[in-house]
Every structure is written in C-alpha cells, then in structure tokens.
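Novice: One structure follows; several queries about it will come next.
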Amino acid sequence: MSQSKTAGPVPEDKTAEEEQPRSPREIRLVMVGLVVTMLLAMLDNLIVGTAMPTIVGDLGGAEHLSWVVTAYTLATAASTPIWGKLGDLYGRKGAFLTSIVIFLVGSALSGLSQNMNELIGFRALQGLGAGGLMVGVMSIMGALVPPRDRGKYQGMFAAVMALATIGGPLAGGFITDHLSWHWTFYINLPLGVIALAVVVVTLKLPKVHNNARIDYLGAILLTVGITSLVLITTWGGQQYAWGSKEILGLAALSAASLITFCYVEQRVDEPMLPLSLFKNLNFTLVSIIGFIVGFVMFGSTVFLPLYQQIVQGASATNSGLLLMPMMFGMLVVSLVVGQAVTKTGKYRIFPIIGTIVMTGGLILLSTMGTETSSFTSACWMIVLGAGMGFLMQITMLVAQNSVELKDMGVASSTATLFRTIGGSFGVALFGALFNNRVTDTMKERLGEHASAGGGVKDPGQMSPAALRKLPEAVQDAYHHAVSNGMHTVFLCGAGVAVIAIAAAVFLREVPLRGAGKGEKPAESSLEAAAV
C-alpha cells in the first residue's frame with residue numbers, strides 16, 4: 001500500500017533547535033570547517049588529473065587509466081543521495097564526519113598504492129567518502145543558516161570553487177614536479193584533519209533518535225541506476241560505440257532500475273529519495289536548472305582550454321589560469337547576488353537573469369573562430385561565468401527552501417546529484433559533437449584520407465606539441481576543425497540552456513525562511529510552492 005510519508009519519526013526538539021538562530025560567531029567558526037571540506041571535495045580530481053601521466057609512468061597499467069577517474073566518479077555519484085538520507089535519519093554531523101574519515105582513509109591508501117589495481121580500488125573508497133562531503137556542507141549550512149541569511153556566506157563557497165578550479169592544476173603540477181605523485185593524495189590529510197577538528201569542536205546539532213528502517217532496496221536500485229548512467233556517459237563514444245550492445249545494455253539496466261526504484265519508493269515508510277519532493281514545483285524546476293548548469297559548466301571547462309591551447313596557442317603549463325575569466329565572472333556575480341538576496345529576501349529574478357545571461361554567453365562563445373583574440377574569448381567567458389554566478393548558489397538555496405528541515409539532506413543531495421549527472425551528460429554529449437565535427441572538417445579540408453595523409457591519427461585527440469610537428473596545411477586545417485567543433489558544442493549548449501530559461505520563468509517567489517518574524521518556516525514554503 002502506498003505511503004504518503006516523506007520522512008521518519010523526528011523528535012519534537014530537533015526541528016525546534018535547528019530553527020533557533022545561531023550567533024554570527026558560531027556560524028563563522030563552523031564555516032571554517034565547511035569551507036575546508038568543500039575545498040577538499042573540489043580540489044582532489046583537479047590535482048590528481050595533473051599528476052596522472054606521472055602516476056601511470058610509475059605504476060604502469062596505462063590500459064586501466066580511465067578507471068582511476070571512473071571509479072572515483074562512480075562512487076561519488078552513487079553515494080551522494082545515500083549520504084543525504086543518512087544525515088536526515090541519523091544526524092548530519094555524524095554522517096558528515098564519517099564521510100570525511102572515509103575520504104581521508106581512501107586518500108592515504110591511494111598515496112600508498114603499489115600498482116594500478118590498488119589505486120583504482122582505493123580511489124573508489126575515496127569517492128565513497130567524497131559523496132558525503134558536498135552534501136554534508138550544504139545540508140549543515142541549510143540547518144544552521146536561514147535561507148534569507150545564506151547569501152552572506154555563499155560568497156565563501158563561490159570563492160572556494162574559483163580557487164579550486166584555478167589552483168588545483170597548479171598545485172598538482174607543483175607537487176608532482178617537486179615532491180612526488182603520492183603527495184597529490186597525502187595533501188588531503190592535513191586539510192581533512194583541520195576540517196575534522198573544527199567540525200567536532202564547533203558544530204552543535206541535536207542528536208537524532210530514529211527507529212526508521214533504511215530503504216536498502218531503494219538504495220541498491222538507485223545506485224545501479226546512477227552507476228549505469230555514469231558509465232554510459234563515460235564509455236559512450238570512447239570505449240564503446242553509442243549503438244553498441246554494451247551501451248544499450250547499460251541504458252536498459254539504468255531504465256529498469258530507475259523505474260523499479262520509483263515503484264518501490266512509493267511503497268516504503270522511509271524512502272531513500274521521497275518522490276513527493278518533486279510535487280513541489282520549485283524543487284522540480286531548480287533540479288532541472290541544476291542539471292543544465294552542470295551540463296554547461298563541466299562541458300565548458302573541458303573544451304575551453306582545448307580551444308585556447310590549440311587555436312590561440314596558450315600554454316598548457318598553467319592550464320587552470322585559462323579558466324580564470326569565467327571563474328572571475330562567477331565569483332563576482334555570486335557575491336553580489338548573495339548580498340542582494342540577504343537584503344531583499346527576493347530571489348526569483350536571479351535565476352531568470354542567470355539563465356538568459358548563461359545562454360547569451362554560450363552563443364557568444366559559439367562565434368569564436370581561428371582569428372578570435374584571447375581578449376575577446378576572455379570577455380565571452382566572463383559573460384558565461386556571470387550567468388552561472390546567478391545560478392550556482394541560488395539553485396541550492398531554492399531547493400533547500402522548498403523542503404522541511406528534516407529533509408534538508410535529501411534536498412541537498414538531490415540538487416548535487418542532478419548537477420553531477422548533468423555534468424556527466426554534458427561532457428559526453430559535447431565530446432561526441434566535438435569529435436564528429438572535428439573529424440568532418442578535417443575530411444572536408446584534407447580529403448577522405450586526412451588522418452592517414454595528414455598524420456592526424458585521432459582528429460578529436462590531438463595535443464598542441466604533436467600538432468606542431470605536422471605540416472602547416474594540416475595545422476591550419478586542424479585549427480579550423482577545432483573552431484568548428486567549438487561552434488557546434490556551444491551552440492548545442494545554448495539550445496539546452498533555453499530549457500533552463502523556461503524553467504526559471506515558472507519559478508515561484510516563495511518567502512525565504514528567516515524573512516519575517518512569526519513566519520511558519522517550513523510548511524508555509526511547501527504549501528506556497530506545491531503544485
């Protein structure tokens with residue numbers, strides 16, 4: 001029989017205590033631990049990615065290289081919703097600290113790896129902990145700070161994101177060159193210990209006594225569905241053709257798992273992901289917007305440096321710096337929007353502006369050609385970054401404001417999951433479009449046997465150093481091919497971003513909790529935004 005419950009028994013004093021205002025000093029102290037943890041979550045892949053060639057040279061097993069990244073990504077994506085639910089059921093502080101410990105143990109073991117198989121296994125363990133880092137940060141933030149006041153602190157997280165994107169590759173290169181690749185993992189340990197100590201000492205949340213049973217079947221089905229989706233986007237067009245039996249089999253498995261998951265979630269007392277959350281119009285719409293933001297952001301960060309290195313001749317040494325204009329636009333706008341939301345209590349206009357600006361930035365980037373200057377492309381990147389700056393924190397804010405406090409973890413993990421899955425699809429779709437357009441352009445300019453005659457074995461994967469060794473005619477053809485590929489990628493991204501504009505227009509202006517005295521904080525938001 002279908003159940004209407006969306007959460008298990010919650011003590012009366014739990015919600016009351018979480019709604020009590022915290023002193024600015026208490027929040028600032030906790031923020032230190034949260035910011036360091038978020039830095040851990042974002043830095044890891046960026047630092048490790050820079051060191052991967054050295055790691056492969058030391059451990060061997062180049063044929064398993066992709067699994068070092070895939071194992072981490074799979075474990076992170078699959079565990080994200082589970083961590084959110086565990087925090088809601090048994091206490092956010094305990095779940096958060098556990099995820100940090102698992103992440104640090106995985107980091108230490110990864111640094112001690114003696115072969116590629118060990119590294120893959122320990123990276124999966126590390127990813128399991130990483131799934132709870134971002135969710136823990138956002139759900140604890142949601143429990144401590146009323147949505148209206150959250151803008152005061154969201155600039156910190158935007159700054160961390162910019163720092164990680166720019167500093168990650170630089171730190172990875174420096175560590176690899178001057179220490180050893182092992183320290184790309186060991187660097188997490190002192191940061192993690194600081195985060196643990198700060199959170200243990202400063203974070204005070206009520207203990208939760210909950211007799212609800214974990215939805216194990218739902219957790220398994222959701223894990224299988226998410227894992228299959230990530231594998232499709234990781235392998236599709238790379239290891240296997242999109243129409244291969246492996247990819248089609250994964251698609252069928254994912255569809256079957258997720259459909260069965262939806263069936264099960266409507267028939268258990270404590271669902272892993274309460275589907276009733278999606279009856280809330282705002283929650284559903286910001287989930288769609290979050291998916292598209294991930295789609296655009298991750299796709300852009302993969303292909304923009306490629307264009308700058310191949311066509312504009314930028315150095316790959318400081319690859320993180322290539323994205324600085326986009327990060328700058330994101331950071332500045334995020335800070336301004338955060339303060340505006342705190343001051344006015346209004347937020348609906350910002351997703352609308354953000355989605356329009358983001359779409360405009362993608363259209364501008366689609367106009368880049370072989371003669372586009374670095375200054376011009378930087379300006380277009382600032383526009384794209386500004387658009388995402390309107391959206392990055394607002395989508396999480398609206399998602400959290402759309403649920404009761406007892407579902408804060410699930411709301412945070414769902415918003416994070418949609419953005420992660422969107423990023424996976426963005427990289428996969430953009431990659432397929434880019435490679436096809438580059439290949440077609442090379443054939444148009446050099447003939448059907450361009451790869452054999454021109455020396456370009458894989459038109460979609462050509463390093464700047466290898467390109468410089470080829471004849472000038474081939475280099476010129478490849479510059480045009482990459483420019484055409486970028487045109488297709490960003491024009492497609494703009495088309496997808498239009499969906500985000502439509503979703504933003506239909507958002508409703510629901511009063512933010514903490515916006516007025518005597519306001520019923522959770523239920524009023526739910527009733528106002530529910531369909």
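The values are calculated or read from the model by the stated rules, or taken from the named source; none is laboratory data. Since we're looking at a predicted model, the values are computed, not measured. Positions of Cβ are generated from backbone atoms using ideal geometry, with glycine treated the same way; all protein chains shown enter the neighbour counts. Keep in mind that these areas ignore ligands, DNA and RNA; they rest on the heavy atoms of the full protein, side chains included. Shrake-Rupley method; radii C 1.70, N 1.55, O 1.52, S 1.80 Å.
Novice: Being in a helix (DSSP H, G or I) and either surrounded by fewer than 21 Cβ atoms within 10 Å (Cβ to Cβ) or hydroxyl-bearing (Ser, Thr, Tyr) (or both) is the filter here, so list the residues in region 105-116 that pass it. Full working, then the answer.
Specialist: So in region 105-116, the residues in a helix (DSSP H, G or I) come out as 105-111, 116.
Across region 105-116, the qualifying residues are 105, 107, 108, 109, 110, 111, 116.
Novice: Another question, if that's okay. Having 2 or more residues that are at pLDDT 80 or above and open to solvent by less than 50 Å² (accessible area, probe 1.4 Å) is the bar; report the helices (runs of 4 or more DSSP H) wholly within region 377-487 that clear it. Lay out the reasoning, then the answer.
Specialist: Details: elements: 408-446, 450-454, 464-468.
Counting at least 2 such residues, we get 408-446.
Novice: On to the next question. Inspect region 265-281 for any residue being in contact with a Pro (Cβ under 6 Å, 6 or more places away or on another chain) and outside any helix (DSSP H, G or I) and give the result as yes or no.
Specialist: The first filter runs over region 265-281 and keeps only residues in contact with a Pro (Cβ under 6 Å, 6 or more places away or on another chain), leaving 265, 273.
Cutting the leftovers down to outside any helix (DSSP H, G or I) gives us 273.
Yes, some residue in region 265-281 is in contact with a Pro (Cβ under 6 Å, 6 or more places away or on another chain) and outside any helix (DSSP H, G or I).
Novice: Same structure again: How many residues are within 23 Å of the chain's Cα centre (by Cα), touching a residue at least 60 places away in the same chain (Cβ under 8 Å) and in a helix (DSSP H, G or I) when one looks only at region 342-352?
Specialist: Filtering region 342-352 down to residues within 23 Å of the chain's Cα centre (by Cα) leaves 347-348, 350-352.
Then drop every residue that is not touching a residue at least 60 places away in the same chain (Cβ under 8 Å), which leaves 347-348, 351-352.
Narrowing the set further to residues that are in a helix (DSSP H, G or I) leaves 351-352.
Adding up the residues that qualify gives 2.
Residues checked against (1) at pLDDT below 75; (2) of a type in the set (A, V, I, L, M):
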{"residue": "86", "(1), (2)": "no, yes"}
{"residue": "90", "(1), (2)": "no, no"}
{"residue": "105", "(1), (2)": "no, yes"}
{"residue": "126", "(1), (2)": "no, no"}
{"residue": "133", "(1), (2)": "no, yes"}
{"residue": "138", "(1), (2)": "no, yes"}
{"residue": "143", "(1), (2)": "no, yes"}
{"residue": "156", "(1), (2)": "yes, yes"}
{"residue": "159", "(1), (2)": "yes, yes"}
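Novice: Might you check whether a residue that is farther than 19 Å from residue 505 by Cα, modelled with pLDDT of 85 or more, surrounded by 21 or more Cβ atoms within 10 Å (Cβ to Cβ) and touching a Phe, Trp or Tyr at 6+ places or on another chain (Cβ under 9 Å) occurs anywhere in region 342-360? Can you show your working first?
Specialist: So the first thing to find is which residues in region 342-360 are farther than 19 Å from residue 505 by Cα, and the list is 342-344.
So of that shortlist, the ones also modelled with pLDDT of 85 or more come out as none.
Checking region 342-360: not a single residue is farther than 19 Å from residue 505 by Cα, modelled with pLDDT of 85 or more, surrounded by 21 or more Cβ atoms within 10 Å (Cβ to Cβ) and touching a Phe, Trp or Tyr at 6+ places or on another chain (Cβ under 9 Å).
Novice: Within region 234-245, is even one residue among the basic types (Lys, Arg), farther than 26 Å from residue 348 by Cβ, open to solvent by 10 Å² or more (accessible area, probe 1.4 Å) and outside any helix (DSSP H, G or I)?
Specialist: Going through region 234-245, the residues among the basic types (Lys, Arg) turn out to be 245.
The next check asks that each one be farther than 26 Å from residue 348 by Cβ; those that pass are 245.
Filter again for open to solvent by 10 Å² or more (accessible area, probe 1.4 Å), leaving 245.
Next cut, outside any helix (DSSP H, G or I) only: none.
Within region 234-245, none of the residues are among the basic types (Lys, Arg), farther than 26 Å from residue 348 by Cβ, open to solvent by 10 Å² or more (accessible area, probe 1.4 Å) and outside any helix (DSSP H, G or I).
Novice: To continue, here is another question. Would you be able to say whether some residue in region 314-325 is surrounded by 17 or more Cβ atoms within 10 Å (Cβ to Cβ) and in a loop (DSSP other than H, G, I, E, B)?
Specialist: Yes, the conditions are met somewhere in region 314-325.
Novice: Testing residue 511 on (1) touching a Phe, Trp or Tyr at 6+ places or on another chain (Cβ under 9 Å); (2) assigned to a loop (DSSP other than H, G, I, E, B); (3) modelled with pLDDT of 60 or more, one condition comes back false. Which one is that?
Specialist: (1)
Novice: Select from region 195-224 the residues that are modelled with pLDDT of 75 or more and either within 17 Å of residue 106 (Cα to Cα) or among the basic types (Lys, Arg) (or both) and list them in ascending order. Walk me through it before giving the result.
Specialist: Step one: of region 195-224, the residues modelled with pLDDT of 75 or more are 195-204, 214-224.
195, 196, 204 - these are the residues of region 195-224 that are modelled with pLDDT of 75 or more and either within 17 Å of residue 106 (Cα to Cα) or among the basic types (Lys, Arg) (or both).
Novice: Determine, yes or no, whether residue 339 is polar (S, T, N, Q), outside any loop (DSSP other than H, G, I, E, B) and open to solvent by less than 60 Å² (accessible area, probe 1.4 Å). If you could, list the steps in order and put the result at the bottom.
Specialist: Details: polar (S, T, N, Q): yes; outside any loop (DSSP other than H, G, I, E, B): yes; open to solvent by less than 60 Å² (accessible area, probe 1.4 Å): no.
So residue 339 fails the test.
Novice: I'd like to know if region 219-226 contains one or more residues that are under 22 Å from the mean Cα position of the chain (by Cα), among the polar types (S, T, N, Q) and open to solvent by 20 Å² or more (accessible area, probe 1.4 Å).
Specialist: Yes - at least one qualifying residue is present in region 219-226.
Novice: Which pairs have Cβ atoms under 9 Å, sit 6 or more apart or on different chains, and link a residue in region 266-293 that is over 30 Å from residue 326 (Cα atoms) to one that is aromatic (Phe, Trp, Tyr) and open to solvent by 50 Å² or more (accessible area, probe 1.4 Å)?
Specialist: 272/216; 281/506
Novice: Kindly provide the set of residues from region 89-101 that are under 13 Å from residue 192 (Cβ atoms) and open to solvent by less than 40 Å² (accessible area, probe 1.4 Å), ordered by number.
Specialist: Let us first name the residues in region 89-101 that are under 13 Å from residue 192 (Cβ atoms), namely 96-101.
Within region 89-101, 96, 97, 99, 100 meet the criteria.
Novice: When residue 278 is evaluated against the numbered criteria (1) surrounded by 16 or more Cβ atoms within 10 Å (Cβ to Cβ); (2) closer than 30 Å to residue 406 by Cβ; (3) under 22 Å from the mean Cα position of the chain (by Cα), which criterion, by number, is the only one it fails?
Specialist: With respect to (1) surrounded by 16 or more Cβ atoms within 10 Å (Cβ to Cβ); (2) closer than 30 Å to residue 406 by Cβ; (3) under 22 Å from the mean Cα position of the chain (by Cα), residue 278 is out only on (1).
Novice: Suppose we filter 137, 200, 160 for residues that are buried (at least 24 other Cβ atoms within 10 Å of the Cβ) and touching a residue at least 40 places away in the same chain (Cβ under 8 Å); which single one remains? Explain how you work it out, then say what you get.
Specialist: Numbers: 200 fails: buried (at least 24 other Cβ atoms within 10 Å of the Cβ); 160 fails: buried (at least 24 other Cβ atoms within 10 Å of the Cβ).
Criteria check complete, one pass: 137.
Novice: What are the pairs, 6+ residues apart or on separate chains, where a residue within region 79-93 that is farther than 16 Å from residue 221 by Cβ has its Cβ under 8 Å from a residue that is in a helix (DSSP H, G or I) and charged (D, E, K, R)?
Specialist: 88/406; 88/407
Novice: Then there's this: Only residues that are open to solvent by 10 Å² or more (accessible area, probe 1.4 Å), more than 25 Å from residue 411 (Cβ to Cβ) and either in contact (Cβ under 8 Å) with a residue 60 or more places away in the chain or not polar (S, T, N, Q) (or both): list them for region 117-134, please.
Specialist: Selection gives 118, 120, 121, 122, 124, 125.
Novice: Which of the numbered conditions does residue 282 fail, given that it passes all the others? Conditions: (1) in contact with a Lys or Arg (Cβ under 9 Å, 6 or more places away or on another chain); (2) at positive phi.
Specialist: (2)
Novice: I would also like to ask the following. Looking at region 489-508, which of its residues are open to solvent by 70 Å² or more (accessible area, probe 1.4 Å) and either in a loop (DSSP other than H, G, I, E, B) or in contact with a strand residue (DSSP E or B) (Cβ under 9 Å, 6 or more places away or on another chain) (or both)?
Specialist: Hits for region 489-508 are 506, 508.
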